[in-house]
Amino acid sequence: MTAGSDGTAAKSSTETEGKWRLAGDEALDHLRVRLRELGAEWERREQELNQLFDLPGGELERNERVLRLRVIDGGAGGRLTVKGPATHGEGIKVREELEVSVDDAETTRTILDRLGYAPTVEYPKSRETWRLGSLEIALDELPFGTFCEIEGPHADILEAARALELQDPEPESYPTLMVRHLAEANR
């Protein structure tokens, strides 16, 4: 990891994560209690606006790639992320992830536009981040549900999921779930 211009870490290499849908506020509260019992440390709460981009014809999506601009807490800057195709096993997704901090999200959008990329889907997310050993555990609230996302070494993710009593990993990505949510809302 390297530091970005705004002091945040710029991640590169491989992302390994699992995601589980939670059954509302009660499940979220229970998970917070379990995290404290396991010795997890609360780190922060952020409001995100995530915007995905693609070329005309959906070339990135067809090739299982993601180009995302994320703005945190309504700031001027953000994080630009590129993700490669994912492999899946035991409810865990592994993929290349390259991420860099940008000082000016609006200029970054303009650059992407000039390069031929257009916005495809946008979704807000409230994220509460915890640290448990080698793991980053996120409690995410989105328009289409509440989730727990665990990122770190594969075996540690599975162990933490068992300890947190999480079952049935969510196979779909947040962008896919947002598109489905919007389609259902427009029926």
Any hit, the stretch 49-67, residues being in a loop (DSSP other than H, G, I, E, B), touching a Pro at 6+ places or on another chain (Cβ under 7 Å), among the acidic types (D, E) and under 23 Å from E151 (Cα atoms):
yes
Within the stretch 156-174, is there a residue that is under 17 Å from R70 (Cα atoms) and either at pLDDT 95 or above or not charged (D, E, K, R) (or both)?
yes
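Out of all the residues in the stretch 82-97, is one or more closer than 18 Å to I137 by Cβ, in contact (Cβ under 8 Å) with a residue 24 or more places away in the chain and touching a His at 6+ places or on another chain (Cβ under 7 Å)? So that I can check it myself, show each step before the final result.
Initially, the stretch 82-97 is screened for residues closer than 18 Å to I137 by Cβ, giving 90-94, 97.
Next cut, in contact (Cβ under 8 Å) with a residue 24 or more places away in the chain only: 90-94, 97.
So of that shortlist, the ones also touching a His at 6+ places or on another chain (Cβ under 7 Å) come out as 92.
Yes, because at least one residue in the stretch 82-97 is closer than 18 Å to I137 by Cβ, in contact (Cβ under 8 Å) with a residue 24 or more places away in the chain and touching a His at 6+ places or on another chain (Cβ under 7 Å).
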All-but-one check, E97 against (1) within 27 Å of A161 (Cβ to Cβ); (2) over 13 Å from the mean Cα position of the chain (by Cα), failing number (2)
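When the residues of the stretch 26-41 are narrowed to those that are surrounded by 14 or more Cβ atoms within 10 Å (Cβ to Cβ) and not aliphatic (A, V, I, L, M), which ends up nearest to E128 (Cα to Cα)?
Initial filter on the stretch 26-41 (surrounded by 14 or more Cβ atoms within 10 Å (Cβ to Cβ)): 27-28, 30-32, 34-35, 38, 40.
Narrowing further to those that are not aliphatic (A, V, I, L, M): 30, 32, 34.
Numbers: H30: 14, R32: 10, R34: 15 Å.
Checking each candidate, the answer is R32.
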The one condition N186 fails out of (1) loosely packed, with under 14 Cβ neighbours inside 10 Å; (2) touching a Ser or Thr at 6+ places or on another chain (Cβ under 7 Å) is (2)
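Looking only at the stretch 99-118, decide whether some residue is outside any strand (DSSP E or B) and closer than 27 Å to E41 by Cα. Let's see the steps before the verdict.
As a first pass, look at the stretch 99-118 and keep what is outside any strand (DSSP E or B): 103-117.
Filter once more, keeping what is closer than 27 Å to E41 by Cα: none.
No, the stretch 99-118 contains no residue that is outside any strand (DSSP E or B) and closer than 27 Å to E41 by Cα.
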Answer yes or no: is there a residue in the stretch 69-79 that is touching a residue at least 60 places away in the same chain (Cβ under 8 Å) and either hydrophobic (A, V, I, L, M, F, W, C) or under 25 Å from G18 (Cβ atoms) (or both).
yes
One residue is enough: does the stretch 152-162 have a residue meeting the conditions closer than 19 Å to A86 by Cβ and touching a Pro at 6+ places or on another chain (Cβ under 9 Å)?
yes
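The values are calculated or read from the model by the stated rules, or taken from the named source; none is laboratory data. None of the values given here were measured: they were computed from a predicted structure. Backbone-built Cβ (ideal geometry, glycine too); neighbour counts: all protein chains shown.
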